[in-house]
Amino acid sequence: MEYTKKIDQKWQEFWQANNTFKVCVKNIKKPKYYCLVMFPYPSSELHVGHGRNYIIGDAVARYKRMRGYYVLNPMGWDAFGLPAENQAIKHNIHPRAWTLKNIKRITQQLKSWGISYDWEKEIATCFPQYYRWTQWLFLELYKKGLAYKKEAPVNWCESCKTVLANEQVIEGKCERCSNQVSQRNLKQWFFKITDYAQRLLDDLDKLKEWPQRVKLMQKNWIGKSVGVTIKFSVKNLDKPLNCFTTRVDTIFGATFLALNYQHPAVIKLIDDSDNKQEILKFISQTKKEEASLLRSQDFEKKGMFTGEFAINPMTGAKIPIWIANYILSGYGTGAIMSVPAHDKRDFEFAKKYQLPITEVIKEPKAKDQKIKANKEEAYEGEGNLVNSGDFNGLASNEAKEKIADFMEQENIGARETNFRLKDWLVSRQRYWGAPIPILYCKECGEVPVEDKDLPVLLPEVDRFLPTGKSPLAEDKDFIQTKCPRCNRPAERETDTMDTFVDSSWYYLRYISPGQASAPFVKEDVDNWLPVDQYIGGVEHAILHLMYSRFITKFLADQKKISFDEPFVKLFTQGMIIKDGAKMSKSKGNVVAPDYIIEKYGADTMRLYILFMGPPQKEAIWQDEALQGSRRFLQRALRLVDKLKNFKEDKNQGDKAGQKELLLRKIHSTISEVTGDLEGDFQFNTAISRIMELVNQIYKSIQQGVEKEIFAQAVDTVFLLLSPFTPHISEEVNSLLGHKGTVFNRSWPKVDPKMLKKDEGEIAILINGKVKDKMVIDFSLSKEEVKTKALAQIKVKKIIADKSPKKIIYVKGKIINIVI
RNA sequence: GCCGCGGUGGCGGAAUUGGCAGACGCGCUGGACUUAGAAUCCAGUCUUGAGAAAGGUGGGAGUUCGACUCUCCCCCGCGGCACCA
């Protein structure tokens with residue numbers, strides 16, 4: 001039997017005609033399994049580098065189905081957003097036309113790969129029937145005070161005349177044109193994800209089946225810090241200066257304060273300063289430097305003394321207040337206490353400006369010469385307190401608590417928790433997104449669009465090129481409307497929403513994609529979610545996966561759904577590398593899947609992609625290695641022909657126990673392949689074990705074996721292969737006389753009797769080195785095995801007159817003789 | 001700088017409650033079949049060595065009867081964050 005494109009087509013048509021993968025959400029007859037692959041941006045056609053994602057997902061979905069689950073495997077399009085828009089601009093067509101063209105093309109590609117989607121569940125975020133509910137979500141958040149507008153600095157690319165999402169700023173430069181990105185203050189919409197910071201952090205522990213590194217990345221991104229905010233009183237200020245620290249144990253070493261130039265107290269502090277003009281000059285210079293965002297590498301710490309002093313509340317010392325360019329405005333209070341002896345940044349600054357350095361922590365086990373008498377570097381570790389009044393001698397940990405207690409008692413400080421996580425900026429001054437459903441009325445101010453007036457349709461505009469203002473702002477018909485409260489003229493918000501808002505809830509929509517009266521049906525969503533297996537690239541570890549968790553928690557709080565984590569199990573696949581780089585169009589190293597499918601068939605490509613290496617690690621594409629998969633499939637298919645023409649030689653008998661050998665191999669293969677798939681989707685080893693089984697079948701038929709067992713072996717091979725090579729497996733399944741689709745058959749079962757071994761080969765080690773091997777009965781005792789081993793000729797020769805000191809026997813594996 | 005992941009033949013990669021390193025595949029070498037090629041089949045393929053044998057999982061130490069696997073130190077590569085007080 002020859003594997004041709006016709007087989008692919010035949011079975012793809014069969015699946016479509018028979019609705020093989022259609023799921024009726026209301027009718028769950030078996031345990032459900034929601035398998036979800038992150039939906040793509042349809043901004044270009046797919047290459048094999050993209051393919052890995054969908055092929056892994058498909059293998060999982062097909063396998064789970066054969067394991068008896070009712071599997072939902074949907075697909076849709078993250079169709080709004082900058083990537084699609086940028087491509088459309090580049091090709092000078094409307095983003096909608098470009099997007100729809102790509103959707104059509106990618107759909108055809110996915111179908112040609114034999115991906116088993118239930119296409120009736122298809123969604124696209126750019127259609128009004130979808131984004132109507134994205135707008136609904138915005139309004140739900142708005143009603144709860146979790147969507148709000150404020151002025152904030154955003155990333156701005158002057159060449160593209162647009163704001164950029166954080167993820168589009170790569171090393172301070174615009175992803176598209178490599179221009180340096182600057183910061184601008186604009187009035188923007190935010191979602192208050194910070195309200196959920198603690199829960200997003202705590203619930204990471206619930207996600208037992210997420211990769212550790214993704215959880216760590218989220219943890220670092222949330223960046224929780226526990227510490228104390230200390231009040232430093234200043235003579236000329238009516239309010240004290242608050243400084244947050246995680247190292248309150250070092251307070252006695254705080255020898256100056258440092259403020260960001262934007263700190264509200266700065267104006268007052270420098271008001272009477274002799275060199276006010278100089279300070280103002282310094283501030284404007286700092287501002288300029290900060291806007292460049294390119295300050296990471298050769299950033300030089302600079303600062304100026306304000307002329308004012310604060311009082312260290314513990315020592316009572318007068319300490320100078322500085323403005324410094326290394327203090328962040330957006331974190332803590334924008335002011336810090338500087339402890340140069342125990343913070344390397346403060347140390348560097350103090351050295352430069354000759355500020356006092358007071359050591360207050362002694363490194364516990366440090367040798368005397370290592371103690372920073374020479375003050376060449378800051379000691380940032382913990383230790384015991386010195387020069388710290390009543391707290392001398394305490395260990396850092398204990399001191400932190402005691403000093404915090406003391407400060408709270410004396411009202412000079414209070415315990416506080418800070419997060420690095422910032423609120424989520426969701427507005428974009430771009431065309432291709434869901435309009436933000438807000439209007440502005442002269443009388444009533446900011447007014448949400450009424451639910452009955454949704455969707456706020458994205459208008460057709462002629463010019464959607466970015467200018468810095470939303471293209472919607474040029475459409476008078478769009479802007480002008482009436483206030484639903486007072487019926488007076490009002491204007492619409494012209495910004496659109498970040499595409500990550502669209503994708504923060506799409507997994508809920510698949511359950512009832514056509515639902516017109518609600519975003520989803522609670523009962524159905526509760527039945528089908530959370531997603532059992534989510535599959536996608538690690539590049540979404542923080543953004544999309546954090547936003548989705550946030551939105552799910554919010555909807556759970558509103559009792560719209562009954563679960564508060566969207567994805568039970570997460571799998572992040574590695575990229576495909578070719579010629580030393582990630583496969584991408586811009587690098588010119590893409591491999592077109594269409595060509596491979598045309599030449600070798602979809603299953604060859606699928607098998608190769610799964611066989612390349614562990615799916616969670618990056619894999620290197622080698623054109624020649626593809627031949628191996630092809631060769632293997634042909635070799636396996638030749639068995640089907642051999643089986644058809646097989647004449648069992650009854651006279652030959654069971655040479656060398658082939659019957660038992662092959663039966664054992666069948667069952668051990670089933671067991672191992674199943675183990676590989678139940679584990680962390682080790683497709684590569686699963687496939688290699690099936691290859692071994694095929695090799696064994698060839699050996700066995702050469703030796704002579706019963707036809708029945710030969711047939712069973714062939715059937716097993718193609719059953720085990722079916723999640724990977726569905727077209728070929730369907731074809732063989734029907735050739736072997738089974739009716740209908742192979743995916744209605746169940747996964748082969750292991751006979752545990754076939755795994756047990758009564759005898760086998762073990763290695764004989766002498767002093768830990770393998771010297772010989774022997775076949776033994778596993779029921780033999782240690783003594784019997786020892787006697788047998790010592791009787792081996794080779795062993796005798798090596799041991800000679802020496803006597804064994806110790807013998808270790810590991811049943812079924814090794815015997816080690818120590819001499 | 002901090003955090004995380006990784007380092008095994010010519011190549012992709014197997015093997016970890018410590019127990020025969022290199023499964024499976026690619027490539028390569030030799031042979032069979034063939035007018036010839038393709039395809040297929042057989043044998044070989046970690047290194048040194050004719051062989052016996054010895055060495056070998058980034059480097060160095062350690063624990064152990066036994067270490068790719070565990071501990072400590074170091075080197076290299078990749079990814080994330082990057083002045084978060």
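Structure notes:
- Amide H contacts of A:Asn242 (H built 1.01 Å from N, under 5 Å, at least 5 apart or other chain): A:Phe232
- The stretch A:315-450 - Rg over Rh from alpha carbon coordinates, Kirkwood radius: 1.20
- Value of D in µm² per second that Stokes-Einstein yields for the stretch A:37-83, Kirkwood Rh from Cα pairs, at 4 °C (1.567 mPa s): 107 µm²/s
- Cα-based helix-to-principal-axis angle, A:683-703 vs chain A, degrees rounded to 10: 10 degrees
- Ordered by 1.4 Å accessible area with all protein chains kept, A:Lys753, A:Lys806 run largest first as A:Lys753, A:Lys806.
- Zone of A:Arg105's modelled label, taken as backbone nitrogen in the stretch A:23-55 under 16 Å from a point 7 Å along Cα→Cβ: A:40-51
- Dipole magnitude of chain A, debye to nearest 20 (Cβ charges: Lys/Arg +1, Asp/Glu -1, about Cα centre): 2300 debye
- Between the stretch A:460-532 and the stretch A:765-800, the alpha-carbon center distance in angstrom: 76 Å
- With θ taken as phi - 60° and the Karplus curve 6.51 cos²θ - 1.76 cosθ + 1.60 applied, the whole-hertz 3J(HN,Hα) list for the stretch A:535-546 is 10, x, x, 6, 5, 9, 3, 9, 4, 4, 6, 6 Hz, x standing for glycine and proline.
- A:Phe683 accessible area, assembled protein chains, probe 1.4 Å, Å²: 0 Å²
- Pairs from A:Lys756/A:Lys813; A:Lys599/A:Lys644; A:Lys150/A:Lys239; A:Lys101/A:Lys585 whose Cα-Cα separation, in the structure shown, is over 22 Å: A:Lys599/A:Lys644; A:Lys150/A:Lys239
- Extension gain for A:Asp564 to A:Ile798 (0.36 nm times residue separation, less C-alpha to C-alpha distance): 77.6 nm.
- Zone of A:Lys522's modelled label, taken as backbone nitrogen in the stretch A:550-581 under 15 Å from a point 7 Å along Cα→Cβ: A:554-564
- Efficiency of FRET between A:Lys739 and A:Arg420 - r from beta-carbon atoms, R0 51 angstrom, step 0.05: 0.30
- Fraction of antiparallel bridges per DSSP, chain A only, in percent to nearest 5: 75 percent
- Proximal charge balance of A:Ala592 [Cβ under 14 Å; K/R count +1, D/E count -1]: 0
- Total formal charge among the other residues, if their Cβ is under 15 angstrom from that of A:Ala399, Lys/Arg +1 and Asp/Glu -1: -4
- For A:Trp210, distant residues with modelled amide H under 5 Å away: A:Leu570
- In the stretch A:594-709, a dipole from Cβ-located charges (positive for Lys and Arg, negative for Asp and Glu) runs towards its positive end, and of A:Val640, A:Ile701, A:Gln627 it is A:Ile701 whose Cα lies farthest in that direction.
- Histogrammed with a bin width of 5 Å, the alpha carbon distances of the stretch A:385-543 distribute as 1, 7, 10, 11, 11, 11, 9, 7, 6, 7, 7, 6, 4, 2, 0 percent, first bin at zero.
- Derived scalar couplings ³J(HN,Hα) [the stretch A:737-751; Karplus, 6.51 cos²θ - 1.76 cosθ + 1.60; whole Hz; x for Gly, Pro]: x, 7, 8, x, 7, 5, 7, 9, 7, 9, 4, x, 9, 8, 8
- Coarse-grained scattering of the stretch A:616-753 at q = 0.09, 0.10 Å⁻¹, given as base-10 log I(q)/I(0) from a Debye sum over alpha-carbon atoms: -0.28, -0.35
- Cα centroid separation, the stretch A:538-602 to the stretch A:702-750 (Å): 32 Å
- The GluC sites (Glu not before Pro) of the stretch A:492-575 include none that DSSP puts in a loop with a beta carbon having at most 15 other beta carbons within 10 Å.
- When the Cα positions of A:Pro530, A:Leu141, A:Tyr3 are compared along the charge dipole of chain A, A:Tyr3 comes out farthest toward the positive end, with charges on each C-beta of Lys, Arg, Asp and Glu.
- Relative to the longest principal axis of the Cα atoms of chain A, the long axis of helix A:726-735 lies at roughly 20 degrees.
- Here's the picture: charge each Lys and Arg Cβ at +1 and each Asp and Glu Cβ at -1 in the stretch A:417-541, and of A:Trp432, A:Ser504, A:Pro466 the one pushed furthest to the positive end of that dipole is A:Pro466.
- At the residue level, A:Phe681 shows approximately 10 square angstrom of accessible surface with a 1.4 angstrom probe and all protein chains present.
- In sequence order, the stretch A:470-478 has phi-based couplings of 4, x, 5, 5, 8, 9, 4, 4, 6 Hz under the Karplus curve 6.51 cos²θ - 1.76 cosθ + 1.60, θ = phi - 60°, and Gly or Pro positions carry x.
- Extension gain (nm, one decimal) between A:Gln703 and A:Met217, 0.36 nm per residue minus Cα-Cα: 169.4 nm
- Extension gain, A:Cys444 back to A:Phe14 (0.36 nm per residue minus Cα-Cα distance, nm): 148.9 nm
- Between 0 and 90 degrees, the angle of helix A:128-143 with respect to the longest Cα principal axis of chain A falls at about 50 degrees.
- Directionally averaged projected area (convex hull, Cα atoms, chain A), nm²: 47.9 nm²
- Equivalent ellipsoid semi-axes - Cα gyration tensor, the stretch A:175-334, angstrom: 33, 24, 14
- When only alpha carbons are used to place a centre, the stretch A:37-90 and the stretch A:320-350 end up 47 Å from one another.
The values are calculated or read from the model by the stated rules, or taken from the named source; none is laboratory data. The structure displayed is predicted, hence computed values, not measured ones. Every residue, glycine among them, receives a Cβ derived from its backbone with ideal geometry; neighbour counts consider all protein chains shown. Surface areas here come from the heavy atoms of the whole protein model, side chains and all, with no ligands, DNA or RNA. Shrake-Rupley method; radii C 1.70, N 1.55, O 1.52, S 1.80 Å.
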